Amino acid sequence: MNPTLNLQPNFNESGKRYFRDFTPGDDFYEALIDTHRNLSDEQSALVNAKLILLLANHIGDMHVLREALRLARADVVTE
Amino acid sequence: MGSYTYPKFNYVPPTDLMTQPPQRKPLVVIGAGPVGLAAAIDARLHGLDVLLFDEDDSVSVGSRAVCYAKRTLEVLDRLGVGQPLCEKGVSWNIGRTFLQDEEVYQFNLVPDPGHKRPGMINLQQYYLEEALIERALQLGVDIRWKCKAVGVRAEADHASVSLESPEGTFDVEADWLVVADGARSPMRRHLGLDIEGHVFKDRFLIADVVMKADFSAERRMWFDPAFHPGQSVLLHKQADNVWRVDFQLGWDADPEEERKPERVLPRLKTMFGDQDFELEWVSIYTFQCRRMKDFRHKRLLFVGDAAHQVSPFGARGANSGLQDTDGLMWKLALVMKGLAPDALLDSYDAERTYAADENILNSTRSTDFITPKSATSRMFRNAALELARHHPFARKLVNSGRLSVPSFVTHSVLNTPDTDAFQGDMLPGAPMDDAPMQRNGKDVWLVDQLGNHFQCLVFVDQVSQLDAGTLSALRAFEAGAISVQPLIISRHAGAIDGVTVLHDTQGLFAKRYDAQPGSVWLARPDQHVVARWRNFSNTAVQAALRRATANA
């Protein structure tokens, strides 16, 4: 069976104990926004593009990637 | 106008205090807001004499802090005012989040049943203050109205406070001074103590609206709604059919213009449509996230907004202030009674600066989500909201305010580290989870059986399994200089002469605390676990008690 795209909350950091379920996601979101601090919109767009390529390579599985690409595009344009 | 009549408290000229040389008092509290009042009440519960000064002679104007979290309600229960406030307040657990006009996500603050108190109640701050004042007077707190603290000297063994009253100025000395004089804290400023952090470049409009609306009592947060494009709006129901609306205005808004009724009313009309409503109170606010470096300064103990401030998202202001005094007053009482060294109060600083950092972190993250500061940040926010319509992972990322929850002070020096294996979150430093129980056949809540003293909880299957040696050791603890009350928690109903037995009727204590027959917990007077073991040991409990009181 092909692996499927995980749409459940999945952020975690080894060695860290969480008492609140929102904390790991918030840790990531803060790091994400911090990465864009003091960048122009164009620079941010480039950072985002590089980030997607890095993560896509890490995931590797084309079945999962195609599913993510499809969901990301859904609702954005009315076909 | 108005759903509320402001009380005026009896001003008694403080001529008895206007002596030369100044009088020395054991404990003085500055500021009769919710936090100062809670400190004074807690002091009386611990048998301390307390003098409380406030510059005004009424309660605070406007709804101000409106959301009181589950943990705060448990603290208010311990102080003896929880029930009337919960009856008066509006309980809610459900929060709804909207993008434009579509709901994308909802949360439930207490998904787990078997807790006495709801996730949150909404209540105007003046009702909380009124109830606390009544309770304080009933317990014999000496409250002096219209006495404004304007100066202070911090000496090695006392603080000397200068006060202004209608009769003139005078000084009072205090062995210990609890400073609860609010965000602008004249005491903190007078001493030139640092408070560092940052101001957020945004303005918010608060409107209290009296309205008979048929919305249910849930929290509603809109991002970019049609009735207030590009900004966020938060709606809460309070007591007396008063609704609280927070409109984000942006940094460029003119506060003087925006607070005018001719500006406020059209905003409300676009939001509420044809509902009949009356505007009760309007305020404009900006906010800061910052805290003092040290909450203790010699004999001064800073609590509440005087010590730390957060953005309003998450209701972490008043709630954390009430948790400050919850954590402080039992320690101060032990020190004042000579039962613990004053080093115990350094743990107040360590635990509550940790909690303040956690509150600042969470409310800053919420603020960054709700009011994005760049186009990219706004794009990520909107992407998370859109994905949240369909995907569970994105719902967790939607941050419309991480509502006040207590800190786990797992790094506190007062804790005895675990030596035995336990599952679950009730580890040393944990605020104790509630559970339904029976005591003498009557339904009670665990949290109502906890607090004000150290307690040793022992879990058994049947009370008959408790051996005579353990029982006599437990009874000896109760008679100790620092009393430790035994609390037997039993899977089956039972009774022991002279010892409280709680029947874990639904097995929820066992589940939440990972209890097995023989398991033992030492609980602090502020309802936190401080040590736990799989088996009772007299020497281990005594060592943990010494450690928990800085007597080790």
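Data overview
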item	result
The one condition in (1) assigned to a helix (DSSP H, G or I); (2) touching a residue at least 40 places away in the same chain (Cβ under 8 Å) that B:GLN83 fails to fulfil	(2)
Flag for B:GLY192 being surrounded by fewer than 19 Cβ atoms within 10 Å (Cβ to Cβ), of a type outside the set (A, V, I, L, M) and within 30 Å of B:CYS147 (Cβ to Cβ)	yes
Enumeration of residues in the stretch A:37-61 that are within 9 Å of chain B (Cβ to nearest Cβ) and closer than 27 Å to A:PRO3 by Cβ	A:ASN48
Some residue of the stretch B:322-329 being surrounded by 17 or more Cβ atoms within 10 Å (Cβ to Cβ), small (Gly, Ala, Ser) and part of a helix (DSSP H, G or I)	yes
Qualifying residue in the stretch B:12-31 (condition: within 10 Å of B:ALA180 (Cα to Cα), in contact with an Asp or Glu (Cβ under 9 Å, 6 or more places away or on another chain), part of a loop (DSSP other than H, G, I, E, B) and in the same structural domain as B:ALA180 (by TED's automatic domain parsing))	yes
Filter result for B:VAL409 (touching a residue at least 40 places away in the same chain (Cβ under 8 Å) and facing chain A (nearest Cβ under 9 Å))	no
Contacts under 7 angstrom Cβ, first residue in the stretch B:190-206 being at pLDDT 90 or above, partner part of a loop (DSSP other than H, G, I, E, B) and of a type in the set (A, V, I, L, M), 6 or more apart	B:ARG203/B:LEU249; B:ARG203/B:ALA253; B:PHE204/B:LEU249; B:LEU205/B:LEU249
Some residue of the stretch B:174-187 being at pLDDT 90 or above and of a type in the set (Asp, Glu)	yes
Of all residues in the stretch B:250-291 being aromatic (Phe, Trp, Tyr) and within 30 Å of the chain's Cα centre (by Cα), the one that is nearest to B:PHE204 (Cα to Cα)	B:TYR285
Output for the stretch A:18-36, where each listed residue is more than 8 Å from chain B (Cβ to nearest Cβ) and without any contact (Cβ under 8 Å) to a residue 12 or more places away in the chain	A:TYR18, A:THR23, A:ALA31, A:ASP34
Output for the stretch B:375-393, where each listed residue is in contact (Cβ under 8 Å) with a residue 60 or more places away in the chain and at the interface with another protein chain (Cβ under 10 Å from one of its Cβ atoms)	B:ARG381, B:GLU386, B:ARG389
Search result, residues across the stretch B:437-462 that are over 21 Å from the mean Cα position of the chain (by Cα), surrounded by fewer than 20 Cβ atoms within 10 Å (Cβ to Cβ) and either at pLDDT below 95 or at negative phi (or both)	B:GLN438, B:ARG439, B:LYS442, B:ASP443, B:VAL444, B:ASP461, B:GLN462
The stretch B:7-21: number of residues that are within 30 Å of B:LEU279 (Cα to Cα) and either surrounded by 12 or more Cβ atoms within 10 Å (Cβ to Cβ) or among the small types (Gly, Ala, Ser) (or both)	2
Verdict on B:ALA174 being under 22 Å from the mean Cα position of the chain (by Cα) and assigned by TED's automatic domain parsing to the domain that holds B:ALA65	no
Tally, over the stretch B:23-47, of residues that are buried (at least 17 other Cβ atoms within 10 Å of the Cβ) and more than 24 Å from the chain's Cα centre (by Cα)	1
Yes/no for B:ILE360 being under 22 Å from A:ASN48 (Cα atoms), of a type in the set (Val, Ile, Thr) and within 13 Å of another protein chain (Cβ to nearest Cβ)	no
When residues of the stretch A:8-17 are limited to those that are touching a residue at least 12 places away in the same chain (Cβ under 8 Å) and in contact with a helix residue (DSSP H, G or I) (Cβ under 6 Å, 6 or more places away or on another chain), the one farthest from the other protein chains (Cβ to nearest Cβ)	A:ASN12
Test for B:ASP202: is it part of a loop (DSSP other than H, G, I, E, B), out of contact with any Lys or Arg (no Cβ under 6 Å at 6 or more places or on another chain), surrounded by 15 or more Cβ atoms within 10 Å (Cβ to Cβ) and not assigned by TED's automatic domain parsing to the domain that holds B:GLU55	yes
B:VAL150 over 28 Å from B:GLN83 (Cα atoms) and either more than 22 Å from the chain's Cα centre (by Cα) or touching a residue at least 60 places away in the same chain (Cβ under 8 Å) (or both)	yes
Evaluation of A:ASN6 against (1) under 14 Å from the mean Cα position of the chain (by Cα); (2) within 21 Å of B:SER366 (Cα to Cα); (3) not β-branched (Val, Ile, Thr) (one fails), failing number	(2)
Verdict on B:ALA239 being at pLDDT below 95 and surrounded by fewer than 17 Cβ atoms within 10 Å (Cβ to Cβ)	no
Strands (runs of 3 or more DSSP E) completely within the stretch B:208-315 that count 2 or more residues being under 30 Å from B:ASP357 (Cα atoms) and either among the basic types (Lys, Arg) or touching a Leu at 6+ places or on another chain (Cβ under 9 Å) (or both)	B:219-223, B:242-248, B:277-285, B:288-292, B:300-302
Restricting the stretch B:348-385 to residues that are over 29 Å from the mean Cα position of the chain (by Cα) and more than 18 Å from B:GLN231 (Cβ to Cβ), the residue that is surrounded by the fewest Cβ atoms within 10 Å (Cβ to Cβ)	B:ALA383
All strands (runs of 3 or more DSSP E) inside the stretch B:500-552 with 3 or more residues being in contact (Cβ under 8 Å) with a residue 40 or more places away in the chain and over 21 Å from B:LEU334 (Cβ atoms)	B:500-503
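This table checks each residue for (1) more than 14 Å from B:PHE393 (Cβ to Cβ); (2) among the basic types (Lys, Arg); (3) touching a strand residue (DSSP E or B) at 6+ places or on another chain (Cβ under 9 Å); (4) part of a helix (DSSP H, G or I).
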{"site": "A:ASN2", "(1), (2), (3), (4)": "yes, no, no, no"}
{"site": "A:ASN10", "(1), (2), (3), (4)": "no, no, no, no"}
{"site": "A:PHE19", "(1), (2), (3), (4)": "yes, no, no, no"}
{"site": "A:GLU30", "(1), (2), (3), (4)": "yes, no, no, yes"}
{"site": "A:ASN38", "(1), (2), (3), (4)": "yes, no, no, no"}
{"site": "A:LEU51", "(1), (2), (3), (4)": "yes, no, no, yes"}
{"site": "A:HIS63", "(1), (2), (3), (4)": "yes, no, no, yes"}
{"site": "A:ALA68", "(1), (2), (3), (4)": "no, no, no, yes"}
{"site": "A:VAL77", "(1), (2), (3), (4)": "yes, no, no, no"}
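The values are calculated or read from the model by the stated rules, or taken from the named source; none is laboratory data. None of these values were measured; they are calculated from a predicted model. As a convention, Cβ positions derive from the backbone with ideal geometry for all residues, glycine included, and neighbour counts pool all protein chains shown.
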